[in-house]
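Here's the structure we're looking at; comments come further down.
The values are calculated or read from the model by the stated rules, or taken from the named source; none is laboratory data. From a predicted model like this one, the values you see are computed outputs, not experimental measurements. Heavy atoms of the whole protein, side chains included, go into the accessibility calculation; ligands, DNA and RNA do not. Shrake-Rupley method; radii C 1.70, N 1.55, O 1.52, S 1.80 Å.
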Amino acid sequence: MSLEKLRASFRGDILQPGDDGYDNARKVYNGMIDRRPRLIARCVDVADVMAAVQYGRENSLLTAIRGGGHNGGGLGVCDDGLVIDLSRMRGTRVNPAARTVRVQGGCTGGDMDHATHAFGMATPGGTVSTTGVAGLTLGGGIGHLTRPYGLAIDNLLEVDMVLADGRFVTANEKEHADLFWALRGGGGNFGVVTSFEFRLHPVKIVNAGPTFWPIEQTPEVYEGIPGIHSRCP
Ligand SMILES: Cc1cc2nc3c(=O)[nH]c(=O)nc-3n(C[C@H](O)[C@H](O)[C@H](O)COP(=O)(O)OP(=O)(O)OC[C@H]3O[C@@H](n4cnc5c(N)ncnc54)[C@H](O)[C@@H]3O)c2cc1C
């Protein structure tokens, strides 16, 4: 696939060195990482992801997938290769009756919490709202809600993804069950996840932080926080 053909079929942005926005698009959370990809494909839908994967494969390009860009080692960006950037794919859909949420592969924890909070529900994510749901979940995912509800992967019901050969598959306990098993902790090694579906739990407000009083005084401490009524046992 030539670059012209990729451009013709692509709805998002394709950035090359020297383009406006290129330097901003190659930045990741860890400011020590300074990599210069040959191409950044900012996808807006699954069709864009499929085209980008095909382009990378046919041109033998080293390929990095970018979700929230929080990986400490900077695995969401590479030198002289292709970055498949999902940061424009941040749609969410809550199904309140089924108590599930589907989020696109570029969503941050804040995007997901914002969508589910309106329904009085949440699922375990991280502790920082700007971390990507994708990298966090594919690595396991531990956060404020892990004690009552487990890791992010314990609540993962299904993913949609584009494999390296360009095929789109849905993986869950029944379809591609081996792939679904591997994804839950295996990191970004199995393809580009375009959306995740999670189980939700009834959660309204979480108060987190250290307390410096004896545990027996917890109800009293809670009563002192404006707007909070003690729900302690
Ligand atoms: C400030 C901060 C707070 C953090 N807090 C927590 C926390 O509370 N709990 C916790 O468990 N972790 C936490 N982490 C760690 C974080 O979960 C990992 O660094 C994770 O890799 C970040 O995911 P990302 O999508 O933001 O990163 P990226 O750098 O975009 O991606 C990380 C990895 O996932 C791959 N990847 C990204 N998107 C996709 C996709 N759509 N499909 C397939 N592969 C993909 C990338 O290729 C890369 O290998 C934190 C990190 C930071 C910097």
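Some observations on this one:
- Exposure ranking of Arg102, Arg199, Arg93, Arg38 by accessible area [1.4 Å probe, largest first]: Arg93, Arg38, Arg199, Arg102
- Of the whole protein surface, Tyr149 contributes about 70 Å² of accessible area at a 1.4 Å probe radius.
- Angle of helix 46-58 to the longest C-alpha principal axis of the chain, folded into 0 to 90 degrees and rounded to 10: 50°.
- Taking every alpha-carbon pair under 8 Å whose residues sit at least 6 apart, the chain reaches a relative contact order of 16 percent.
- Whole-Hz ³J(HN,Hα) from phi, Karplus 6.51 cos²θ - 1.76 cosθ + 1.60, for region 211-217, glycine and proline x: 10, 10, 10, x, 4, 4, 8
- Antiparallel bridges, percent of DSSP beta bridges restricted to region 13-148 (to nearest 5): 50 percent
- Carbon and sulfur %, accessible surface of region 69-166 computed with the full protein complex present, 1.4 Å: 53 percent
- Surface accessible to a 1.4 Å probe, Ser60 within the full protein complex, Å²: 100 Å²
- Evaluating 6.51 cos²θ - 1.76 cosθ + 1.60 at θ = phi - 60° for every residue in region 97-104, the Karplus couplings come out as 5, 7, 6, 9, 9, 10, 10, 6 Hz, glycine and proline recorded as x.
- Average accessible surface for region 91-233: 55 Å² per residue, computed with a 1.4 Å probe over protein heavy atoms with every protein chain in place.
- Long-range amide H partners of Val203 with built H, under 5 Å: Met121, Ala122
- Computed log₁₀ I(q)/I(0) - Debye formula, equal Cα scatterers, no solvent, the chain, q 0.09, 0.10, 0.14, 0.15 Å⁻¹: -0.42, -0.51, -0.88, -0.98
- Long-range amide H partners of Glu158 with built H, under 5 Å: Glu197
- Coupling constants for region 73-79 follow from the phi torsions by the Karplus curve (6.51 cos²θ - 1.76 cosθ + 1.60, θ = phi - 60°), and in residue order they are x, x, 5, x, 8, 9, 7 Hz; glycine and proline get x.
- In terms of accessible area, using a 1.4 Å probe and ignoring ligands and nucleic acids, Ser195, Ser129, Ser87 rank largest first as Ser129, Ser87, Ser195.
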